[in-house]
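**Student:** Below is a structure I'd like to ask you about.
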Amino acid sequence: MSTIPLEIDGRQVAAEEGETILEAAQRNGIHIPTLCYNKQLKPYGECRLCMVEVTKGNRTRIVASCAYPAEENIVVKTNTEKIAKIRKMIIELLWPSLSALAKDYGVTESRFHSDHTDCNLCGMCVRYCSEVKKLNAVYFKGRGINREIAVVPDLANECIYCRDCFTLCSGGWIVDKCDNAYTSLSK
Amino acid sequence: MPKLNSYSDLRKLQEFINARRDPSRTCITVCSGTGCLAYRSQDIYGAFERELEKHELRHVVDLRKTGCYGFCERGPIVVILPEKICYLGTKEKDVPEIVEQTLVKKKLVERLLYKDPATGDRIAHMDDIPFYKHQHRTILASNALVDPKKIEDYIAIGGYSAAAKALFEMNPDSVVKEIRDANLRGRGGGGFPAGRKWDTTKNAPEEPKYVIVNADEGDPGAYMDRSLLEGNPHSVLEGLFLGAYAIGSHEGFIYVRQEYPLAVENTEIAIRQAHELGLLGENILGSGFDFDVTIHRGAGAFVSGESSALMTAIEGKVGEPRSKYIHTAVKGLWDKPTCLNNVETWANVPAIINRGAGWFRSIGTENSKGTKIFSLVGKVNNTGLVEVPMGITLRKIVFDIGGGILKGKKFKAVQTGGPSGGVIPESMLDIPVDFDELDKAGSMMGSGGMIVMDEETCMVDTARYYTDFLAHESCGKCVPCREGLRQMLRILNNITTGNGREGDIELLEELAEFMQVAALCALGKTAANPVMSTIRHFRSEYEAHIREKRCPAGVCKDLISYAIDKNSCIGCGTCAKNCPTNAIYEIRASAVSKDRVFAIDQENCIKCGSCYTVCPDKARAVIKTPVRSFAERV
């Protein structure tokens, strides 16, 4: 299989056909922070933490590396000043859920009023249930600022209690949401 | 009508229809666009039928329902051809008089004619009315010539001849070349060159290819695309056909909002009729080319106007955008090459093929060619649909065509580009309207919404309104758009309720910049535009709200108060009768006087402004003040 040569953070790396920038970086031990990325699932592009600067010819863009396909001879920078600024803003907006990352980026508080729930709407549970399990027992309800995760009301018909989504959930929110339904139904 | 099997069949049909139509024959056209229909223009049509019957005029006078005439403010509109006598604000009861006077006695019904507000003169001819005089109607003009439900009307004015010309006299490459040469740019908002988009889809390796009409118009106050689909659906269909032929697509979709029932109905009829005539389906006009169109009804999500979200919705999933690092022109609907253009873009295509790229390029500015349709609404005298050449100034649109600001108030700004656009202040009224100039002014062309604002509009409140709209209409998928809008809305709510803090403006700017770079789709990337442009042009209004807790325009309820000046009050009590919370009570004018005047109990006042509106002109005793708490009695 042919490989695609590209530069990430000054290093020459070879991406495989069909790989994204993020995958190529990870395989070469270059760390790019992510929240909504999971290698079993299709690129989603929710969290925007994985944004990087890509220079192609004389044009530089900021793109989500989880979705951007590795292209020949592009120059990728994963941690520029601009990128750090974006990540800091995301940390502040999702405050306080990204506390580990906050330390890395020196963010100690958020300037925004937070009424944050444990759910970051990364959609891991929804996407896993749909893409891997082909069940669709969990879904997104509402749109815009009213978007939330919901479980199909008649859980018994859809959910097979595999609990896989529990382990995928970074905030533990789906556990809370499902626990009652789960315990009462699995008895 | 029999199926058409060749180019000459189409020409013969056109000749056949036109041979039976005498252009000098009187024709009464009744506007049947959504606006006029709401004013019962179908009853007017019925009344004309009866009156013509009564005067035994049916065999000498034609009667036609047409698409939108555009001057919606003054509907229902009746235009009598060929003289183009334009009657505005017509009612069913006016019909006998129109028939009696205009058709029988050849006299005008003066009171129904346009009255020049300055001179008081009446204007009979439609093209002399300022609203129409300054326009350049190439696309909308056909609306008035056809009954949208009759394909023969469209064929009579040369309809489908561009399609036939392409099939028999041009090859797909030359059709694309014509569109490229014309430099037709996308009318949906972005202004991307249509020819380049077509080329990309055409050259994409995969098959099948799709073409889509984006009729998911959702900007508040905009209804251009709606009127085009309602008024002349065949022109859009023919444009789509030409695109399909050029690109090599055999399947097209029209994504139209369910909330546009007439557009859906007329488009359905148009597709059916085109099928019956063999202008859609297999082996079109015997050329060997197949093409079919399906209508997809959208369920009213603003975000579905974004191309990738729209395609996801057609696929049967929730309409959410996806990353477009590989363009939808290459990987679109079902991951196949897909060419999507807006209604107005497609409607321009037949005219370009018929009249040539050179004709199209002769209109407009260097990089924005042709005309653009705007829906001119808000605090302007003549609201309606206007079609103007690119490069016309905003001042001309607002003052010459729009007739200036309502009630002689002062112009403040015009909002273009809908929720993704921005406001343009008075100092920039003379910039030419084209894609690039509007971008430079911090707004955008958008699909053509144009909302005029007067001095009584608060710009912070305007930004808050659009941000609120977007916060609820965003899909909510990515963090920058969802969380960014959530926080933006919170800050704007704080400012407009008097809880703004020093530093809020800077924080808004920082958020806006972040969203522009980091959001997933065009909705999110442009969602901060209303905030950015109002800060850019009206920063002092933000500062007044934050620092002085004052709303200069007197709009933000928490920052204004009403009071009654007891020296001016004539004691009529109209305000008290209209007060929804009974907050207005009687007092004695003074210790020595027995006269009664009124006062407002600030505790119970909800600041709805009813008293302010109803206070008689001779008194003008209710005062609105841009401060939070006002002395109870002046």
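The values are calculated or read from the model by the stated rules, or taken from the named source; none is laboratory data. Just so it is clear, the structure is predicted and the values come from calculations on it, not from any experiment. Don't worry about glycine lacking a Cβ; one is built from the backbone with ideal geometry, like all the others, and counts go over all protein chains shown. We work out accessible area using only protein heavy atoms, side chains counted, and drop any ligands, DNA or RNA first. Shrake-Rupley method; radii C 1.70, N 1.55, O 1.52, S 1.80 Å.
**Student:** Would you check which residues across the stretch B:241-268 are more than 21 Å from the chain's Cα centre (by Cα) and either within 28 Å of B:Gln415 (Cα to Cα) or assigned to a helix (DSSP H, G or I) (or both) and list them? Please lay out each step first, then the result.
**Tutor:** Step one: filter the stretch B:241-268 for residues more than 21 Å from the chain's Cα centre (by Cα), giving B:241-253, B:268.
If the condition is that a residue be more than 21 Å from the chain's Cα centre (by Cα) and either within 28 Å of B:Gln415 (Cα to Cα) or assigned to a helix (DSSP H, G or I) (or both), then B:Phe241, B:Leu242, B:Gly243, B:Ala244, B:Tyr245, B:Ala246, B:Ile247, B:Glu268 are the ones that fit.
**Student:** In the set B:Lys566, B:Lys557, B:Lys549, which member is at pLDDT below 95, closer than 30 Å to B:Ala619 by Cα and within 33 Å of the chain's Cα centre (by Cα)? Break it down into steps so the answer makes sense when it comes.
**Tutor:** Values: B:Lys566 fails: within 33 Å of the chain's Cα centre (by Cα); B:Lys549 fails: within 33 Å of the chain's Cα centre (by Cα).
Result of the check over B:Lys566, B:Lys557, B:Lys549: B:Lys557.
**Student:** Hey, can you tell me all the residues within the stretch B:425-435 that are part of a strand (DSSP E or B) and crowded, with 24+ Cβ neighbours inside 10 Å?
**Tutor:** Kept after step one, since they are part of a strand (DSSP E or B), are these residues of the stretch B:425-435: B:425, B:432.
Residues satisfying the conditions do not exist here.
**Student:** Mind telling me which of the residues B:Asp127, B:Asp219, B:Asp225 ends up being at pLDDT below 95, of a type outside the set (S, T, N, Q) and in contact with a Pro (Cβ under 8 Å, 6 or more places away or on another chain)? Don't jump to the end; show me each part of the working.
**Tutor:** Numbers: B:Asp127 fails: in contact with a Pro (Cβ under 8 Å, 6 or more places away or on another chain); B:Asp225 fails: in contact with a Pro (Cβ under 8 Å, 6 or more places away or on another chain).
Result: B:Asp219 is the single residue among B:Asp127, B:Asp219, B:Asp225 that is at pLDDT below 95, of a type outside the set (S, T, N, Q) and in contact with a Pro (Cβ under 8 Å, 6 or more places away or on another chain).
**Student:** Out of the stretch B:99-122, which residues are in contact (Cβ under 8 Å) with a residue 24 or more places away in the chain and touching a strand residue (DSSP E or B) at 6+ places or on another chain (Cβ under 7 Å)?
**Tutor:** B:Leu112, B:Leu113, B:Tyr114
**Student:** A further question follows. Taking the stretch B:209-241, which residues are more than 18 Å from B:Gly298 (Cβ to Cβ), buried (at least 24 other Cβ atoms within 10 Å of the Cβ) and not hydrophobic (A, V, I, L, M, F, W, C)?
**Tutor:** Of everything in the stretch B:209-241, those that are more than 18 Å from B:Gly298 (Cβ to Cβ), buried (at least 24 other Cβ atoms within 10 Å of the Cβ) and not hydrophobic (A, V, I, L, M, F, W, C) turn out to be B:Gly231, B:Asn232, B:His234, B:Ser235, B:Glu238, B:Gly239.
**Student:** Follow-up. Within the stretch B:497-507, does at least one residue satisfy the condition of being under 30 Å from the mean Cα position of the chain (by Cα) and part of a helix (DSSP H, G or I)?
**Tutor:** Restricting attention to the stretch B:497-507, the residues satisfying the condition of being under 30 Å from the mean Cα position of the chain (by Cα) are none.
No; the residues of the stretch B:497-507 include none that is under 30 Å from the mean Cα position of the chain (by Cα) and part of a helix (DSSP H, G or I).
**Student:** Check off (1) within 14 Å of another protein chain (Cβ to nearest Cβ); (2) surrounded by fewer than 24 Cβ atoms within 10 Å (Cβ to Cβ) for B:Trp334 and give me the number that stays unchecked.
**Tutor:** Evaluating B:Trp334 over (1) within 14 Å of another protein chain (Cβ to nearest Cβ); (2) surrounded by fewer than 24 Cβ atoms within 10 Å (Cβ to Cβ) leaves (1) as the failure.
**Student:** I'd like to check which helices (runs of 4 or more DSSP H) are fully inside the stretch A:41-133 and have at least 1 residues that are more than 13 Å from chain B (Cβ to nearest Cβ) and under 17 Å from A:Leu168 (Cβ atoms). I'd like the intermediate steps shown before the answer.
**Tutor:** Details: elements: A:81-93, A:99-104, A:124-127.
Answer list for the stretch A:41-133: A:124-127.
**Student:** For B:Phe289, only one of the following conditions fails: (1) of a type outside the set (Val, Ile, Thr); (2) more than 14 Å from chain A (Cβ to nearest Cβ); (3) in a helix (DSSP H, G or I). What is its number?
**Tutor:** Just one mismatch for B:Phe289, condition (3).
**Student:** How about the stretch B:441-463: which of its residues are crowded, with 24+ Cβ neighbours inside 10 Å and assigned to a helix (DSSP H, G or I)?
**Tutor:** Residues satisfying the conditions are B:Met459, B:Val460, B:Thr462, B:Ala463.
**Student:** On to the next question. Listed residues B:Thr345, B:Thr365, B:Thr338, B:Thr328; which is touching a Gly at 6+ places or on another chain (Cβ under 6 Å), farther than 29 Å from B:Met453 by Cβ and of a type in the set (Val, Ile, Thr)? Give the steps one after another, and end with the answer.
**Tutor:** Numbers: B:Thr345 fails: farther than 29 Å from B:Met453 by Cβ; B:Thr365 fails: farther than 29 Å from B:Met453 by Cβ; B:Thr328 fails: touching a Gly at 6+ places or on another chain (Cβ under 6 Å).
So the residue among B:Thr345, B:Thr365, B:Thr338, B:Thr328 that is touching a Gly at 6+ places or on another chain (Cβ under 6 Å), farther than 29 Å from B:Met453 by Cβ and of a type in the set (Val, Ile, Thr) is B:Thr338.
**Student:** If you go through the stretch A:1-32 one residue at a time, how many are under 23 Å from A:Leu101 (Cα atoms) and open to solvent by 80 Å² or more (accessible area, probe 1.4 Å)?
**Tutor:** Here the count works out to 3.
**Student:** Test B:Phe469 against the criterion of being hydrophobic (A, V, I, L, M, F, W, C), open to solvent by 10 Å² or more (accessible area, probe 1.4 Å), within 14 Å of another protein chain (Cβ to nearest Cβ) and over 16 Å from the mean Cα position of the chain (by Cα), and give yes or no.
**Tutor:** It is true that B:Phe469 is hydrophobic (A, V, I, L, M, F, W, C), open to solvent by 10 Å² or more (accessible area, probe 1.4 Å), within 14 Å of another protein chain (Cβ to nearest Cβ) and over 16 Å from the mean Cα position of the chain (by Cα).
**Student:** Same structure again: Answer yes or no: is there a residue in the stretch B:502-516 that is in contact with an Asp or Glu (Cβ under 9 Å, 6 or more places away or on another chain), closer than 18 Å to A:Ser114 by Cα and free of Cβ contacts under 8 Å to residues at least 12 places away in the same chain. Quick ask: steps written out before the conclusion?
**Tutor:** Here is the first cut: in the stretch B:502-516, the residues in contact with an Asp or Glu (Cβ under 9 Å, 6 or more places away or on another chain) are B:505.
Subsequent filtering for residues that are closer than 18 Å to A:Ser114 by Cα retains none.
No, that holds for no residue.
**Student:** Going through B:Leu485, B:Leu438 one at a time, which residue ends up being in a helix (DSSP H, G or I), crowded, with 22+ Cβ neighbours inside 10 Å, under 20 Å from the mean Cα position of the chain (by Cα) and in contact (Cβ under 8 Å) with a residue 12 or more places away in the chain?
**Tutor:** B:Leu438
**Student:** Please enumerate the residues belonging to the stretch B:129-146 that are open to solvent by 20 Å² or more (accessible area, probe 1.4 Å) and within 17 Å of the chain's Cα centre (by Cα). Break it down into steps so the answer makes sense when it comes.
**Tutor:** From the stretch B:129-146, those open to solvent by 20 Å² or more (accessible area, probe 1.4 Å) are B:130, B:133-138, B:141-142, B:145; that's our starting set.
Answer for the stretch B:129-146, where residues must be open to solvent by 20 Å² or more (accessible area, probe 1.4 Å) and within 17 Å of the chain's Cα centre (by Cα): B:Gln135, B:His136, B:Arg137, B:Thr138, B:Ala141.
**Student:** Here is a follow-up. Is there a residue in the stretch B:108-128 that is among the aliphatic types (A, V, I, L, M) and either under 15 Å from B:Gly231 (Cα atoms) or within 21 Å of the chain's Cα centre (by Cα) (or both)? So that I can check it myself, show each step before the final result.
**Tutor:** Kept after step one, since they are among the aliphatic types (A, V, I, L, M), are these residues of the stretch B:108-128: B:108-109, B:112-113, B:118, B:123-124, B:126.
Pick out the ones that are also either under 15 Å from B:Gly231 (Cα atoms) or within 21 Å of the chain's Cα centre (by Cα) (or both) and you get none.
No, that holds for no residue.
**Student:** Which of the residues spanning the stretch B:423-440 are over 17 Å from B:Ile397 (Cα atoms) and not acidic (Asp, Glu)?
**Tutor:** First, the residues of the stretch B:423-440 that are over 17 Å from B:Ile397 (Cα atoms): B:436, B:439-440.
The one that is over 17 Å from B:Ile397 (Cα atoms) and not acidic (Asp, Glu): B:Lys440.
**Student:** State all residues of the stretch B:242-263 that are open to solvent by 10 Å² or more (accessible area, probe 1.4 Å) and closer than 20 Å to B:Asp153 by Cβ; if no residue qualifies, say none.
**Tutor:** Within the stretch B:242-263, B:Leu262 is the sole residue that qualifies.
**Student:** Among the helices (runs of 4 or more DSSP H) confined wholly to the stretch A:140-187, which include 3 or more residues that are at pLDDT below 80 and open to solvent by less than 70 Å² (accessible area, probe 1.4 Å)?
**Tutor:** In the stretch A:140-187, the matching helices (runs of 4 or more DSSP H) lie at A:155-158, A:173-186.
**Student:** When the residues of the stretch B:500-509 are narrowed to those that are within 12 Å of another protein chain (Cβ to nearest Cβ) and loosely packed, with under 15 Cβ neighbours inside 10 Å, which ends up nearest to B:Lys557 (Cα to Cα)? Quick ask: steps written out before the conclusion?
**Tutor:** Start the filter on the stretch B:500-509 by keeping residues that are within 12 Å of another protein chain (Cβ to nearest Cβ), which leaves B:501, B:503-504, B:506-508.
Keeping just the survivors that are loosely packed, with under 15 Cβ neighbours inside 10 Å gives B:501, B:503, B:506.
Numbers: B:Arg501: 18, B:Gly503: 23, B:Glu506: 24 Å.
In this case the residue turns out to be B:Arg501.
**Student:** Where in the stretch B:547-634 are there strands (runs of 3 or more DSSP E), lying fully within it, with 3 or more residues that are within 29 Å of B:Met453 (Cα to Cα), open to solvent by less than 30 Å² (accessible area, probe 1.4 Å) and touching a residue at least 12 places away in the same chain (Cβ under 8 Å)?
**Tutor:** Numbers: elements: B:561-564, B:584-588, B:596-600, B:622-625.
Result: B:561-564.
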